[in-house]
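Okay, so here's the structure we're looking at.
Nothing in this text is a laboratory measurement; each read-out follows from the coordinates by a stated rule. Everything numeric in this text was worked out from a predicted model, so none of it was measured. Every residue, glycine as well, gets a Cβ built from its backbone with ideal geometry; the counts of neighbours run over all protein chains shown.
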Amino acid sequence: DTKAITPPDIRLRKGQTPLVCLTAYTTPIAKLVDRHCDIVLVGDSVGMVLHGLPSTLGVTLDMMILHGKAVRRGLGRALLVVDMPFGSYEDGPEQAFRNAARLMAETGCAAVKLEGGESMAATIRFLTARGVPVMAHVGLTPQAVNTFGGYRVQGRGDDAERIRRDAGAVAEAGVFSVVLEKVPEPLARPISVEIAIPTIGIGASPACDGQVLVTDDMLGLFTSFRPKFVKRYAEFGDQAEAAIAAYANEVRERRFPAAEHVFADTFGGVGTSSV
Ligand code: KIV
Ligand code: NA
């Protein structure tokens with residue numbers, strides 16, 4: 001099936017087979033993810049993963065647009081969702097709409113994601129009523145790292161009720177799905193049963209209706225830190241380092257370039273090409 005997946009398609013997957021989501025920030029990775037996943041997320045994790053920022057707080061709308069455009073060029077089937085960065089939607093519904101509209105117009109994404117539960121319900125209603133499909137993100141919301149004082153598991157003990165209310169509020173407000181980040185399984189399970197839209201878990205157990213990971217984490221490319229919920233499906237960071245070390249050695253030892261990489265003939269002139 002080559003028809004592009006839409007937000008309503010995702011919503012209808014509740015109770016069906018698990019939804020598969022990964023992040024992408026570039027065209028080549030988007031092409032790979034598109035072949036195997038339902039949703040491609042241009043996460044604001046791009047700030048930490050590609051730009052070396054200490055948190056997602058320094059990510060700008062322009063960065064999201066640039067990476068969103070690159071990812072869009074690699075997609076044929078998967079639903080493109082772009083994160084709204086810190087400071088681009090919290091002022092109120094009008095600010096959120098203005099910036100979501102820019103993301104959609106300039107990247108061609110069919111949906112945006114924003115962090116927050118009950119406090120974002122009015123904004124979510126405003127956006128969905130005006131043609132902006134919204135994915136919510138509750139539990140550990142990394143843009144609130146300074147409020148939380150770190151990246152701890154959310155919703156333990158008495159705090160569970162808060163996350164439950166957040167998930168219920170965004171579902172009620174009209175999101176087509178919600179990311180549940182870093183919450184205990186005994187909380188993710190009832191939430192996924194209670195709300196009528198798919199939950200996409202990251203560190204939120206198999207009780208969720210789908211899963212998401214940061215692609216660079218699961219490929220072993222981003223290794224600055226490694227949350228418990230990340231499974232490494234490859235160690236490309238190690239492979240890349242070995243390749244770079246081998247190249248450096250060969251250049252220093254004059255073993256690269258070898259004969260097969262060299263243009264050895266001197267005939268021909270301007271306009272004569274040589275492979
Ligand atoms: O920014 C991101 O990559 C995300 C996912 C981890 C859900 O928000
Ligand atoms: Na994000």
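Values computed for the structure shown
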quantity	calculated
Qualifying residue in region 5-21 (condition: of a type outside the set (Gly, Ala, Ser), buried (at least 16 other Cβ atoms within 10 Å of the Cβ) and within 11 Å of the chain's Cα centre (by Cα))	yes
Residue satisfying condition, being under 19 Å from the mean Cα position of the chain (by Cα) and not in a strand (DSSP E or B), within set Met120, Met104	Met104
Those residues of region 68-85 which are in contact (Cβ under 8 Å) with a residue 40 or more places away in the chain and more than 11 Å from ligand 1 (Cβ to nearest atom), in sequence order	Gly68, Ala70, Val71, Arg72, Arg73, Gly74, Leu75, Gly76, Arg77, Ala78, Leu79, Leu80
Strands (runs of 3 or more DSSP E) within region 154-248 that include 3 or more residues touching a Cys at 6+ places or on another chain (Cβ under 8 Å) and within 16 Å of ligand 1 (Cβ to nearest atom)	199-202, 210-213
Ala96 vs. criteria away from ligand 1 (no atom under 16 Å from the Cβ) and farther than 22 Å from Cys21 by Cα	yes
Any hit, region 210-217, residues being in contact with a Lys or Arg (Cβ under 6 Å, 6 or more places away or on another chain), closer than 19 Å to Pro18 by Cβ and surrounded by 12 or more Cβ atoms within 10 Å (Cβ to Cβ)	no
Positions within region 14-28 being over 16 Å from Met84 (Cβ atoms) and within 16 Å of ligand 2 (Cβ to nearest atom), in sequence order	Cys21, Leu22, Ala24
Search result, residues across region 124-152 that are touching a residue at least 40 places away in the same chain (Cβ under 8 Å), of a type in the set (Val, Ile, Thr) and either away from ligand 2 (no atom under 15 Å from the Cβ) or under 17 Å from Ser45 (Cα atoms) (or both)	Ile124, Thr128, Val138, Thr141, Val145
Residues of region 65-95 classified as more than 15 Å from ligand 2 (Cβ to nearest atom), touching a strand residue (DSSP E or B) at 6+ places or on another chain (Cβ under 7 Å) and either outside any helix (DSSP H, G or I) or among the small types (Gly, Ala, Ser) (or both), total	3
Pair list, Cβ under 7 Å, 6 or more apart: region 185-211 residue of a type in the set (Ser, Thr, Tyr), other residue assigned to a loop (DSSP other than H, G, I, E, B)	Ser192/Ala207; Ser192/Cys208; Ser192/Asp209; Thr199/Cys208; Thr199/Asp209
Flag if Asp62 is out of contact with any helix residue (DSSP H, G or I) (no Cβ under 7 Å at 6 or more places or on another chain), more than 15 Å from Gln143 (Cβ to Cβ) and more than 15 Å from ligand 1 (Cβ to nearest atom)	yes
